[in-house]
Each structure stands twice: as C-alpha cells, then as structure tokens.
Amino acid sequence: MSNPDFLPSLVGSLSQGAAGNPTVAMVEAAFAHHGLHWRYINMEVAPKDLDAAVRGARAMGFRGFNCSLPHKVTVISLLDGLGQSAAAMGAVNCVVRRGDQLIGENTDGKGFLRSLQSLEDPREKAVVLFGAGGAARAIAVELALAGTRKITVVNRSEERGAELACLLRETLQIDASHVVWKGDYTVSADTDIVINGTSIGLYAPEARLALNTDSLRPGVVVADVIFNPVRTRLLKDAAARGCRPLDGLGMLVNQGIIGVQYWTGIEPDAAVMRTALETAMGL
Ligand code: NDP
C-alpha cells in the first residue's frame, strides 16, 4: 500500500479554525504503526477558497481528505460522486480518491455505528435520539441503514427535528417521529438505545441533559457524542441506573479508522489510534 517513491501519499483535513486538530496525531500514528509512507496534513481553508483547495488536492494527487464545518455541505458540488449515506444526509466529512474520481463519504455516523456495535446490534431496536444537527443526522441515517426499527428524534428546534424525522421516513422508509424538547424528556419503556447527539456537555462536565433519568431502564445503551469529557454527566447518571454507557471517543476513533481504511485499504490498529488520540487530547 505504501508509495515507494520519495514523496509520501497525502491525505489531509480541510478545516477552519482547527489548529492542533488531534485527529492528525491519531491518523499519523496509524500510518507510522503500519509502516505506511503517508502523511495527514491539517490545512486551514476559508469557505471562499474551498473550490481552489479541492482542485489543488486533485492536482497534487491527494488520496483523500477529511473536511469539517463549514465545508461539509458545500464540498459536495466539487466532488464526482457520493457514497450512500453521504447522499442521504447531504453532508460529507471524508473524501476518497477512487481511480481518478473524488467520492464523498460520511464517516461520522459510520464511526458511531461501529462503536455502538461493540455493545449492541441496532437491528430492530427502538432509539431515542436527542438532537438534529450534523452529528445526530449522520447517526440517524446510519442507524436507519443498519436496520433500526424506530427512531424518535427529540430536538429543541421544531424545524430541524421535523426535517430529520421526515428524511428518515421518506428517504429511508423507517418509523421516525419528532418530539419538540421541552422540560425533562421521559423515555418510553420500549426504548433500547438512548443517544445524546447534541453539543450539550462539551467541555462542561456538569452540564445536564433535560432527561428524566428515572425513565431509563437498566440495560439500555446510553451513548454520548461528546468526547471531552469522556465520562459525561449523562453517562455517569446512566451507569448509576444500571444502563450500558458508550462514550463519544469511540465514535471519534472509529471514524478515523474508517477514513484510514477508505484511503489506504488496510485495517488499522484501533488501540494505536485511540492511544494517540487520547495523548493528543491530554486525556
Ligand atoms: P450542530 O450545531 O449541527 O447541532 C447541535 C445540536 O445540539 C442541535 O440539535 C441543537 O438543537 C442541539 N443543542 C445545542 N445546544 C442545545 C441546548 N442548550 N438545548 C437543547 N439542544 C441544544 O452540531 P453537530 O451536530 O455538528 O455537533 C454536535 C456535537 O457532536 C458537538 O459537541 C461535537 O463536538 C460532537 N461530535 C462528536 C463526534 C465524535 O466523533 N464523537 C463527531 C461529530 C460531532 P437545535 O436544533 O434546537 O439548535
């Protein structure tokens, strides 16, 4: 897989305001561990320069790149095609060169799914998902494609929540509904998996999700997209109720693993990548 020439194969991250991106350390640790002569480079790209940056990556033979906000939607018009879930959710965070084409994928939801599958198979399960932003949308689409039976989207803004539930019903033919989030939400007794897909709790260990924790049945999987802190208040409360907690670091590591797989074709060592990420994040 490695490039025998002097120049390494290049992948990168097109982002804005992401200096010190810990993903760089995680991906480069995988390249080093597997003896790949590859580099992963973080590049600051302003929205007005995205077109030029993608043409540059194409011209310089990049094997792919990640892109983060605010580029996840605008990048689509600059690509040659989309993977199934990226097309369904209308957002790309990982671009892969296949032949001479640049194809947009979305690894956020796939990373979550893979992390979840270490605890629970979501097929035929009932899910309550808090949030309807980019992360929640990616997770919901991937869960629908994986055969989840029912998704209840609980979101503060009615418009975003209703739009996601509609996408799930109409594009992915899944039983989906939206509940406007007001006060503490009570999870119904038939729920198997509860997910915080909002930004509540990021860098805020005491932040509380408006959720009636007494309604969490022991054994239910309670997952958080928040990766810093790793043990959020939600996960601690859920563990205290006898639920099975799943942290957001697993999602982050797994989206990195899937990116490396897409670009290089190898199955990278997950432990190496998680350790590098934790070190880079000072955890
Ligand atoms: P968005 O801005 O697209 O969406 C934010 C969501 O959080 C919306 O649903 C918003 O509701 C909701 N929200 C924010 N604040 C509140 C509040 N005070 N009360 C109720 N709802 C609130 O963000 P993303 O979806 O891109 O990211 C969400 C989080 O996921 C971030 O913290 C990010 O770090 C994390 N993330 C983690 C990843 C991982 O690998 N672990 C990968 C990607 C993201 P509303 O629609 O009403 O505004």
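Throughout, read-outs are computed from the coordinates displayed, never taken from laboratory work. Nothing here was measured: the structure is a model prediction, and the numbers come from that model. Positions of Cβ are backbone-derived with ideal geometry, glycine not excepted, and every protein chain shown enters the neighbour counts.
For every helix of n ≥ 4 consecutive DSSP H residues, a contribution of -39,500 (n - 2.57) applies; sum these over the chain, divide by its total residues, and give [θ] at 222 nm rounded to the nearest 500 deg cm²/dmol. Write down the numbers at each step before the final one.
Numbers: 9 runs with 100 residues, N = 283.
Per the formula, -10500 deg cm²/dmol.
What's the Kirkwood radius of the chain in Å, using all Cα pairs?
On the way: mean 1/r = 0.0516 Å⁻¹.
Across the chain, the inverse of the average 1/r is 19.4 Å.
Charges at C-beta only: +1 for Lys and Arg, -1 for Asp and Glu. How large is the resulting dipole of segment 110-247 about its Cα centre, in Debye rounded to 20?
Working: 18 positive and 17 negative charges, 45 e Å.
In debye, rounded to 20, segment 110-247 gives about 220.
Which whole-angstrom value gives the distance between the alpha carbon centres of segment 130-177 and segment 9-63?
30 Å
R0 = 35 Å: FRET efficiency of E158 with R98, Cβ-based, nearest 0.05? Can you show the working numbers first?
Values: r = 39 Å, r/R0 = 1.12.
That gives a FRET efficiency of 0.35.
Which of V221, V27 has the fewest other C-beta atoms within 10 Å, and how do the rest follow up to the most? Intermediate results must be reported in sequence, preceding the final value.
Numbers: V221 20, V27 28.
Ranking V221, V27 by Cβ neighbours within 10 Å, fewest first, gives V221, V27.
Lys and Arg at +1, Asp and Glu at -1: add these up for the other residues within a Cβ distance under 13 Å of V127 and post the number. Working shown, then result.
On the way: positive: R123, K125, R149, K150; negative: E120, D121, E124, E142, D175, D190, D192.
In short, -3.
Specify the residue with the greatest mean-square fluctuation among L119, L14, L79, computed from a Gaussian network of the chain linking alpha-carbon atoms under 10 Å apart.
Of L119, L14, L79, the Gaussian network model singles out L119 as fluctuating most.
Excluding residues on the same chain fewer than 8 positions from K150, give the lysines whose Cα lies under 23 Å from its Cα.
By straight Cα distance, K150 reaches K110, K125, K182.
Give me the mean projected area, in nm² to one decimal, of the convex hull enclosing the Cα positions of segment 43-84. Please report the intermediate quantities before stating the final value.
Working: hull surface 12.7 nm².
The number I arrive at for segment 43-84 is 3.2 nm².
I want the antiparallel fraction of DSSP beta bridges within the chain, as a percent rounded to 5.
Numbers: 8 of 44 bridges.
Around 20 percent antiparallel, to the nearest 5.
Compute and list, largest first, the equivalent-ellipsoid semi-axes of segment 139-283 from the alpha carbon gyration tensor, each √(5λ) rounded to a whole angstrom. Show your work: numbers first, answer last.
Working: eigenvalues 141, 90, 39 Å².
Here the semi-axes work out to 27, 21, 14 Å.
Using a 10 angstrom cutoff on alpha carbons, build the Gaussian network for the chain and name the most mobile of G201, G64, G242.
G242
Using only the alpha-carbon atoms, what does segment 199-265 span along each of its principal axes? Please give whole angstrom values in decreasing order.
46, 26, 14
Take every Cα-Cα distance within segment 95-192, group them into 10 Å bins from 0 onward, and report for each bin the whole-number percent of pairs it holds.
Distribution as computed: 16, 45, 29, 8, 2, 0 percent.
Pull out the extension gain between K182 and A239, defined as 0.36 nm times the separation in residues minus the alpha carbon to alpha carbon distance; nm, one decimal.
Details: separation 57, 0.36 × 57 = 20.52 nm, distance 2.42 nm.
Length gained between K182 and A239: 18.1 nm.
In the chain, once you exclude exposed chymotrypsin sites (Phe, Trp or Tyr not before Pro) (DSSP loop, at most 14 other Cβ within 10 angstrom), what's the longest stretch remaining? All intermediate terms of the calculation are to be shown ahead of the outcome.
Values: sites that count: F6, Y203.
The longest uninterrupted stretch comes out as 7-202.
Pick from L129, L116, L202: which is most flexible by mean-square fluctuation in a GNM of the chain where alpha carbon atoms under 10 Å apart are linked?
L202
Can you tally the net charge around D100? Count Lys and Arg as +1, Asp and Glu as -1, for every other residue whose Cβ sits under 14 Å from the Cβ of D100. Write out the running numbers ahead of the final one.
On the way: positive: R55, R58, R63, R97, R98; negative: D80.
Local net charge: +4.
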